[in-house]
1. Yes or no: residue 85 among the hydroxyl-bearing types (Ser, Thr, Tyr), within 11 Å of the chain's Cα centre (by Cα), open to solvent by less than 10 Å² (accessible area, probe 1.4 Å) and within 22 Å of residue 8 (Cβ to Cβ)?
2. Take residue 79 and tell me if it is within 17 Å of residue 136 (Cβ to Cβ) and either without any contact (Cβ under 8 Å) to a residue 12 or more places away in the chain or out of contact with any helix residue (DSSP H, G or I) (no Cβ under 7 Å at 6 or more places or on another chain) (or both).
3. Taking region 114-141 as the region of interest, how many residues are in contact with a Leu (Cβ under 6 Å, 6 or more places away or on another chain) and open to solvent by 50 Å² or more (accessible area, probe 1.4 Å)?
4. Hey, does region 64-80 have a residue that's in contact with a Pro (Cβ under 7 Å, 6 or more places away or on another chain) and under 22 Å from residue 19 (Cα atoms)?
5. Mind telling me which of the residues 148, 69, 75, 100 ends up being over 13 Å from the mean Cα position of the chain (by Cα) and surrounded by 15 or more Cβ atoms within 10 Å (Cβ to Cβ)?
6. So residue 153 fits all but one of (1) within 18 Å of residue 46 (Cβ to Cβ); (2) modelled with pLDDT of 95 or more; (3) assigned to a helix (DSSP H, G or I); what number is the exception?
7. If I ask for residues that are open to solvent by less than 50 Å² (accessible area, probe 1.4 Å), within 23 Å of residue 77 (Cα to Cα) and in contact with a Lys or Arg (Cβ under 9 Å, 6 or more places away or on another chain), which ones from region 1-56 would you list?
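The values are calculated or read from the model by the stated rules, or taken from the named source; none is laboratory data. None of these values were measured; they are calculated from a predicted model. Cβ sites come from the backbone with ideal geometry, for glycine too, and all protein chains shown count toward neighbours. The area values use the complete protein model at the heavy-atom level, side chains included, leaving out ligands, DNA and RNA. Shrake-Rupley method; radii C 1.70, N 1.55, O 1.52, S 1.80 Å.
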Amino acid sequence: MSTGLRDDFFMGLALDAARAAGEAGEVPVGAVLVDEASGAVLATAGNAPIASADPTAHAEVLVLRAATRAAGNYRLRPGLTVFVTLEPCAMCAGALSLARVSRLVWGADDPKGGGVRHGARVFDQPTCHWRPTLGGGVRDTEAAALLRDFFRRRRPRRTREENLSENVTGFTGK
């Protein structure tokens, strides 16, 4: 199977985990950790900060926790790839670096909260000691739609009058 087809397949598993997270009321982000040589899925997780009362329980961190516990080492062996539906934030990018993940593949870019291609650009910093091979944009339209639909359902529509009554700082004048 070609790399592109494999990436699509594993991103599909991450999207399944994201959907499950969304159905549980979490932000729908999913991650899968894969051994590239064998194609074995070592861990799968969806975001769970609400359910676990843990602000660090992002999908990427959860797959790293499962794999490092199983390995008995905080650093992972070479040849492992993390597939995640959304560009990792700075915290998750740092964790991926510390765990020595060989390759990182994400779906949708995150210009507001991302830490790889956007924001902190963790892997571009001189203090970053491990840089995985990067690949973004795999099934990005599907991943972005999942997030967009989730937030549309959660945020009530505002009327034009409510939008106009809001002052520059974002607070209503009440």
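1. Yes: the conditions hold for residue 85.
2. Criteria not met by residue 79.
3. 1
4. Checking region 64-80: not a single residue is in contact with a Pro (Cβ under 7 Å, 6 or more places away or on another chain) and under 22 Å from residue 19 (Cα atoms).
5. 100
6. Exception for residue 153: condition (2).
7. Scanning region 1-56 gives 7, 11, 14, 30, 34, 35, 39, 43, 45, 46.
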